[in-house]
Amino acid sequence: MRSPVFFVVALVVGAVVFAASRYVENEYFFFAGYVVLQFIVLATAWNILGGYCGYVNFGSAAFFALGAYATVTIHKLYPMPIPVLMLVGGVVSGIVGFATGYLTLRLRGAFFAIATLALAVVLQTLIINWDFVGGARGAYVIRPNSFPLLGSYIQYLFGMMLLLTVISVAGARAIERSRLGYGFATIRDDELAAEASGVPTLRLKLIATTISGALMGMAGAPFPYYIGYVEPGTAFGLAYAVNSIAMPMIGGTTSWIGPVIGAILLGTVQQVATVTISSAVNLLIVGILLVDFVIIAPNGIVGLVRDRRIGSTTVEPTVFVLLYVLNLLPTIFLAKQGQAAQSIGLVFWAILFFVTYARGRMIGRVWLMVFPWIGAGLSLVPVTSETPVVSTVVLWSQGVAWLAIDPPTAVLIVSLVIQVIGMIYGAALERRTPAMTTP
Amino acid sequence: MDNRIAIEGVHAAYGSVRVIEDVTLNVESGETVVLLGTNGNGKSTLMKCIMGIVRPSAGSIFAEIDGVRHDLVGRTTEEIVDLGIALVPEGRRLFPKLSVEENLLLGAYRRSARKQIGKNLGFCFSMFPRLAERRRQLAGSMSGGEQQMLALARALMLAPRILLVDEPSVGLAPILVQRTIESIQELKERYQLTVLMAEQNFSQAIRIADRGYVIVHGKIAFEGRSADELNNNDLIRKFYLGM
Amino acid sequence: MNFPVELFINSMIAGLLLGGFYAAVTSGISISFGILDIVNIAHPAFIILGSYIAYILNTRFGFDPVLVSIVMLPVFYWLGAAVYQVYYLSFEQRGQEALRGLAFFFGLLFVTEVGLILVFGVDYRYVQAPYIGPSIRLAGFDLPLRMLVPFLLSLLLFAVLQLILTRSFIGRAIMAVSQDPLALRLMAADPIRIKRAAFGLSIATAALAGALLIVIQPVEPSVGREYIGRVFAICVLGGLGSLPGTLIAAMLLGVVESLTSTFYGPSWAPAVAFGLLLLTLAFRPSGILGR
Ligand SMILES: Nc1ncnc2c1ncn2[C@@H]1O[C@H](COP(=O)(O)OP(=O)(O)OP(=O)(O)O)[C@@H](O)[C@H]1O
Ligand SMILES: [Mg+2]
């Protein structure tokens, strides 16, 4: 499909989604939908630089927050309509993106990644010390209750974010298929070779950082109106940095559809999950999925579907042990959080099942995968799932079985012991020592 | 005791490009054998096959070290070096950001070389006084001739039994080529090494060679059983002496 | 106006002591990033892990935090070696370290931090030891032992690392491995083994750095993130791969940060490191003592 055609189609899809959403009675849908859309924009923006050019940006939160704080500033001076705010946020973040790129992109790629980490902290410190936008205390941005024609204001915000989503996804797809996109791909594959054959690598990279930064700023611009109260901690929240990396990585980085899939999946799960589980467990889930996917499915879900093949290193003893221990963690934490949370835990039991199967097949002991089955089963039975003793016994018996059958992964036992002891200690300490709240 | 290399029927390729075809070659204990060939004929590739850097697709490579026979095919480079075979690689491959002395000490990483480290270092410095003067200088900032000396000295620090040298003359002025070739001869005598040397510079190489092979397009085109035989060979006259 | 000389000197001393500690925190990164070229942004997470282990054993059994960390050195070494093995097999071997390898470390950083939050909460934790509290007076200035002990231990750590790297065979191989792995194989050393050992060493330093951290200040899981910028700033400023450079840069940053928080207020201190990092990257990427 040619890019203009795709844009029109995307616009129509967006309009249909919006029209359909008008029949939704529940306001919560718009609040949740807005966040998912915002993550689609962030993931798409991240992927333009990360997926297409191969440069990692850890500072998504900074670009997002810049857009948000541009809005706060303007709101204090002279309130303006949302589309204008988005443009301003885009320009501000675009300029910062350009500047960061200009300072570091002539150096090795790692320096850019580190600089973006640094950028987030510098900007956050600046904002904390800038009283006009509320400093560390934060600022209130009063959202109007309604918007002419549409009714509630949140529907309006939702509509604007939907429009931005359509524009950024269509834009990313257009870039991917243009000369610019081919230029980006040459940088990703072999930057030195690209440079040697006359590709203007620095210019292309600057274009990518600018576009990517600008889109993140645009996604952040309506945020103050959405949330009503902005403080540095939320605007620079860790969730933005980790999600905007995890979503494209999980969806697949080489094409525009990857970030969209990743953002819809992870975004929806998180929106549903925040109702039932704590935000910390939520972030833990995203972090672990990120590690899982970069190892098991280097090309994300798109790659899994396309190649029908998983990363071959999954079966190596150390890799296997790491994956095993990591994926057990959320099942333990989720077990404490009630029945609804355990359905999310099933995802991790599935991954455990899967890596065990891969390893088991390699060593000719496929039946080893009964362990994750038992674990998943126990986690679903109300009586056993809430007794730490049972899960501990299960873990230990697994460890012993592994030792007998697969000595290279006997390390597992050590890990499990450390893990279990750590948990028990943690819980015990929590009760015994009064925690100090301020330094 | 005896140290020799026996290569038989070796084939090697990079992907689908065949580079070495049915090469049979041997180096007897205490000999200096020269492998002659112009650019791109497969000299370095053959060296890499011996060292386990390139895996031959067919054929056998055996080395006898101190009278013990070892099959080299399928061993890692580290294992082969550890047996007592050292390579002075093409392009020298020094550690440019380490000092001369650090480069030399790295040469003695091998466990059996660590015992003789003092003696070997002393010998290297007496043989190449230049290196002693420059021991604190970074290897990357030395001249081409000094770098070649360092590369040779570093290989010696390994306390090898068999020394492979890949084109020591590359990028050196004629006078330096002569000196480098002479020092190889001197090292060989001093340490009773068995030497296989790849070279393009026929007239220099022949000065220290006992025998030699000419490799053309990955095949042994001629085997000279003595320096004289090499000198009088048509192929060599054609390729090297322009006659 | 009168320049507050005494305040200035006190602040300088505090900065130097702090800088010494920063050096210990950075030493691991100096090895993994500076020498091996592995962008281990998860390093601070290992440091915080070290802090929490020291904390647990200190509150539970009353063990000295530094002693605990020394006992933990081999465990952390082993942990680091295992992490490198995974990193090598899954990313380095396939040339995917730039994107996925970085994301992997980011994920580890994140999982460790959130995991600690889940187990211990976000409250600040602290340890007890005889040297926390008292100070000694020297030439009219107070030297709190809480800072002086970590400072001296950091210097010791640096001396030991410098000795290992320059005087031992494995140390020299570590210095060489990223320059030319094939040449190293021609010296009979396996580059993967060398890198694994070096990475293990770098994570082992995190055990000690973590204990020193919790001696100096109360710790909560996200404290580590403040150190990401600091350690990379110091590492780059000092010159990649140069331990003496790292030490100088760490002292420099400690002093500048201390002066900033004395004269402008502590809320500005975090920006100093990052600002310095951005400036270094922009104007002198090879650092002070870069080779
Ligand atoms: N890594 C490689 N991948 C593909 N082809 C290679 C590789 N290395 C060498 N070749 C090819 O193999 C052939 C032989 O190369 P080799 O380096 O062995 O030649 P040589 O005799 O050492 O030449 P020179 O005197 O220039 O060093 C050449 O045609 C070269 O292009
Ligand atoms: Mg060659």
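The values are calculated or read from the model by the stated rules, or taken from the named source; none is laboratory data. Computed from a prediction, not measured in an experiment: that's the story for all the values here. FYI the Cβ positions are ideal-geometry reconstructions off the backbone, even for glycines, and counts take in every protein chain you see. Surface accessibility is based on the protein's heavy atoms, side chains included, excluding ligands, DNA and RNA. Shrake-Rupley method; radii C 1.70, N 1.55, O 1.52, S 1.80 Å.
Counting only other chains, and only Cβ atoms inside 10 Å, what mean value do you get across the residues of C:89-98? Don't skip to the end; give the middle numbers.
Details: counts 9, 14, 4, 0, 1, 4, 1, 4, 2, 9.
Taking all residues of C:89-98 together, the mean is 5.
Using only helices, what value at 222 nm comes out for chain C when you add -39,500 (n - 2.57) per DSSP H run of length 4 or more and divide by the total residues, to the nearest 500 deg cm²/dmol?
Details: 11 runs with 204 residues, N = 291.
When only DSSP H runs of four or more count, the value is -24000 deg cm²/dmol.
Considering just Cα atoms, how many Å³ per residue does the convex hull of region A:3-281 enclose?
Details: hull volume 34.2 nm³, N = 279.
Taking only Cα atoms, region A:3-281 has a hull volume of 122 Å³ per residue.
Choose one of C:Ile35, C:Ser90, C:Leu276: the residue whose Cα lies farthest towards the positive end of the charge dipole of the protein assembly as shown (beta-carbon charges +1 Lys, Arg; -1 Asp, Glu; about the Cα centre).
Final value for the positive-end residue is C:Leu276.
Calculate, for C:Arg167 and A:Ser178, the FRET efficiency according to 1/(1 + (r/R0)^6) with r their C-beta to C-beta distance and R0 51 Å; round to the nearest 0.05.
Values: r = 56 Å, r/R0 = 1.10.
The value I calculate is 0.35.
Let me confirm one metric for peptide B:115-123, namely the mean number of other chain beta-carbon atoms within 10 Å of its residues' beta-carbons.
Working: counts 0, 0, 1, 0, 0, 0, 0, 0, 0.
Per residue, the average neighbour count from other chains is 0.
Once all Cα-Cα distances of region B:112-169 are split into 5 Å bins that start at 0, what whole-number percent is in each one?
Calculated over all Cα pairs of region B:112-169, the distribution is 4, 18, 29, 25, 18, 7, 0 percent.
Taking the Cα centroid of region A:130-145 and of region C:53-89, what is the distance between the two, rounded to the nearest whole Å?
One Cα centre to the other: 43 Å.
Using a Debye calculation, one point per C-alpha and no hydration shell, please list log10 I(q)/I(0) for chain C at q = 0.12, 0.14 Å⁻¹ in order.
-0.76, -1.03
Tell me, what % of the accessible area of the protein assembly as shown is carbon and sulfur with a 1.4 angstrom probe?
Values: 24530 of 38200 Å².
Answer for the protein assembly as shown: carbon and sulfur cover 64 percent of the accessible area.
Starting from the alpha-carbon convex hull of region A:210-265, give the projected area averaged over all orientations, in nm².
Approximately 4.4 nm², given one-decimal rounding.
Collect residues whose amide H, placed 1.01 Å from N in the peptide plane, falls under 5 Å from the amide H of B:Ala58; neighbours closer than 5 in sequence don't count.
The list, which skips near neighbours in sequence, is B:His11.
On alpha-carbon atoms, Rg over Rh for chain B using Kirkwood Rh?
Working: Rg = 17.3 Å, Rh = 18.1 Å.
That ratio is 0.95, to two decimals.
Based only on the alpha carbon positions, what is the Kirkwood hydrodynamic radius of region C:117-192, in angstrom? Intermediate results must be reported in sequence, preceding the final value.
Values: mean 1/r = 0.0602 Å⁻¹.
Computed over region C:117-192, the radius equals 16.6 Å.
Okay, which of region B:2-40 sit inside 16 Å, backbone N to the point 7 Å along the Cα-Cβ direction of B:Phe62?
Within reach of a label on B:Phe62: B:2-10, B:24-29.
Would you tally the net charge around A:Phe354, using a Cβ to Cβ cut-off of less than 14 Å, leaving A:Phe354 out, and scoring K and R as +1, D and E as -1?
Details: positive: A:Arg308, A:Arg309, A:Arg359, A:Arg361; negative: A:Asp292.
Spelling it out: positives minus negatives among the neighbours equals +3.
Please list, or write none, the aspartates and glutamates whose alpha carbon is within less than 13 Å of the alpha carbon of B:Lys188, excluding same-chain residues fewer than 8 places away.
List returned: B:Glu31, B:Asp210.
Rounded to the nearest 500 deg cm²/dmol, what is the calculated helix-only ellipticity per residue at 222 nm for chain B, with -39500 (n - 2.57) per DSSP H run of length n ≥ 4? Can you show the working numbers first?
Values: 11 runs with 94 residues, N = 243.
After summing the helix terms and dividing by the residues of chain B, the value is -10500 deg cm²/dmol.
Which one of C:Ile13, C:Ser261, C:Leu182 has its Cα pushed farthest toward the positive end of the charge dipole of region C:5-283, where Lys and Arg give +1 and Asp and Glu give -1 at the Cβ?
Going by the Cα projections, it comes out as C:Leu182.
Show me the helices of chain C, taken as full DSSP H stretches, that run 15 Å or more along their long axis by Cα and average 0.5 or above in Kyte-Doolittle hydropathy.
Values: long enough: C:5-29 (36 Å, 1.51); C:43-61 (27 Å, 0.92); C:65-90 (35 Å, 1.48); C:102-120 (27 Å, 2.47); C:145-167 (32 Å, 1.94); C:191-216 (37 Å, 1.56); C:223-238 (23 Å, 1.09); C:243-263 (30 Å, 1.46); C:269-283 (22 Å, 2.22).
Span-like helices here: C:5-29, C:43-61, C:65-90, C:102-120, C:145-167, C:191-216, C:223-238, C:243-263, C:269-283.
I'd like the projected area of region C:1-87, averaged over all directions, using the convex hull of its alpha carbons. Report it in nm² with one decimal. Walk me through the numbers before you get to the answer.
Values: hull surface 34.5 nm².
Mean projected area for region C:1-87: 8.6 nm², to one decimal.
Can you sort C:Arg284, C:Arg60 by solvent-accessible area, 1.4 Å probe, largest first? Present the calculation step by step, with values, prior to reporting the outcome.
Values: C:Arg284 125, C:Arg60 95 Å².
The residues order as C:Arg284, C:Arg60, largest area first.
Would you mind listing how long the protein assembly as shown runs along its three principal axes, going by Cα atoms, in whole Å with the largest first?
Per principal axis, max minus min of the Cα coordinates gives 102, 78, 65 Å.
How large is the dipole of the protein assembly as shown about the Cα centre if only Lys and Arg carry +1 and Asp and Glu carry -1, each at its Cβ, rounded to the nearest 20 debye? Each step should come with its number before you reach the end.
On the way: 68 positive and 56 negative charges, 75 e Å.
The dipole of the protein assembly as shown has a size of about 360 debye.
Within 10 Å of each Cβ in B:7-16, how many Cβ atoms from other chains are there, averaged over the peptide?
Shielding by partners across B:7-16 averages 0.
With a point put 7 Å past each Cα toward its Cβ, work out how far A:Arg203 is from C:Tyr124 in nm, to one decimal.
According to this spin-label approximation, the distance is 5.3 nm.
Between C:Leu7 and C:Arg284, what is the FRET efficiency for a Förster distance of 25 Å, r being their Cβ-Cβ separation, to the nearest 0.05?
Values: r = 31 Å, r/R0 = 1.23.
So the FRET efficiency works out to roughly 0.20.
Hey, can you rank C:111-120, A:189-198, C:201-210, C:90-99 by average C-beta count inside 10 Å, highest first?
Put in order of decreasing packing, that is C:201-210, C:111-120, C:90-99, A:189-198.
Once the dipole of the protein assembly as shown is set up with Lys and Arg at +1 and Asp and Glu at -1 on Cβ about the Cα centre, which of B:Phe125, A:Ile187, B:Pro174 lies farthest towards its positive end?
Final value for the positive-end residue is A:Ile187.
Could you run the Karplus curve 6.51 cos²θ - 1.76 cosθ + 1.60 with θ = phi - 60° over region B:31-43 and give me ³J(HN,Hα) per residue in whole Hz, x for Gly and Pro?
Result, rounded to whole Hz: 8, 10, 10, 10, 10, 9, x, 7, 3, x, 8, x, 5.
Which log10 I(q)/I(0) values does region A:251-370 give at q = 0.10, 0.19, 0.21 Å⁻¹ under the Debye formula, counting every alpha carbon as one identical point scatterer?
Taking Cα atoms of region A:251-370 as identical point scatterers yields -0.32, -1.08, -1.23.
Once you've got the GNM for chain B with C-alpha springs shorter than 10 Å, pick whichever of B:Lys188, B:Lys97, B:Lys48 has the biggest mean-square fluctuation.
Judging by the Gaussian network model, the answer is B:Lys97.
Over region C:156-291, give the accessible area per residue in Å² for a 1.4 Å probe, as an integer. Don't skip to the end; give the middle numbers.
On the way: 4260 Å² over 136 residues.
Here the per-residue accessible area is 31 Å².
Once phi is turned into ³J(HN,Hα) by the Karplus curve 6.51 cos²θ - 1.76 cosθ + 1.60 with θ = phi - 60°, what whole-Hz value does each residue of region B:157-166 show in order, with x for glycine and proline?
3J(HN,Hα) across region B:157-166, in whole Hz: 4, 6, 6, x, 9, 10, 10, 9, 10, 9.
Return the sequence-ordered ³J(HN,Hα) values of region A:12-20 in whole Hz as given by the Karplus equation 6.51 cos²θ - 1.76 cosθ + 1.60 applied to θ = phi - 60°, using x for Gly and Pro.
Once θ is set to phi - 60°, the couplings for region A:12-20 become 4, 4, x, 4, 5, 4, 5, 4, 4 Hz.
If you take the accessible area of A alone plus C alone and subtract the pair, what total do you get in square angstrom, rounded to 100, with a 1.4 Å probe? Walk me through the intermediate numbers first.
Numbers: alone 20590 and 14020 Å², together 29240 Å².
Approximately 5400 Å² gets buried when A meets C.
At a Förster distance of 30 Å, what's the computed FRET efficiency of A:Tyr23 paired with A:Leu265, Cβ-Cβ distance as r, to 0.05?
On the way: r = 24 Å, r/R0 = 0.81.
So, using R0 = 30 Å, E works out to roughly 0.75.
With springs only between Cα atoms under 10 Å, which of C:Thr260, C:Thr166, C:Thr280 fluctuates most in a Gaussian network model of chain C?
C:Thr166
Highest first, please rank the peptides B:218-228, A:84-94 by the mean number of other Cβ atoms sitting within 10 Å of their residues. It would help to have the intermediate numbers written out before the result.
Details: B:218-228: 16.2, A:84-94: 22.3.
In decreasing order of mean packing, B:218-228, A:84-94 become A:84-94, B:218-228.
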